[in-house]
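The values are calculated or read from the model by the stated rules, or taken from the named source; none is laboratory data. Here the structure is a predicted model, which means the values were calculated and not measured. Because the Cβ atoms are built from the backbone with ideal geometry, glycine has one as well, and the counts that use them run over all protein chains shown.
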Amino acid sequence: MEEAFKIIDKDFDGLISKDDLHRFLVDVLKYEENDLNQTKLVRLFKLMDQYKRGNIQFLDFKRLVTENQIQNYNDNQSNYVNDLKNSITGGF
């Protein structure tokens, strides 16, 4: 779980910012810039930033991924990137 967080935390400050999330979605998950407008990014970030701190801390990330893994337990997906993508974006 910590390794997944570190992949998203592009500037290694221990927090996921909107910029970190944007770069992760484009660079790692290969979302097209055209499909990832500012509204979608802000909406996704707000869903992840449950306590409205303006950043996503490790415990927020862990809660989000753990909750989604439990919900998707029966999906039988073994691809790590797809699992992470679905946990974070919920099919975004």
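Taking (1) modelled with pLDDT under 65; (2) loosely packed, with under 12 Cβ neighbours inside 10 Å; (3) farther than 15 Å from PHE5 by Cβ in turn, PHE92 satisfies each apart from (2). In region 38-88, the qualifying residues are those that are among the hydroxyl-bearing types (Ser, Thr, Tyr) and surrounded by fewer than 17 Cβ atoms within 10 Å (Cβ to Cβ), and the one that is modelled with the lowest pLDDT is TYR73.
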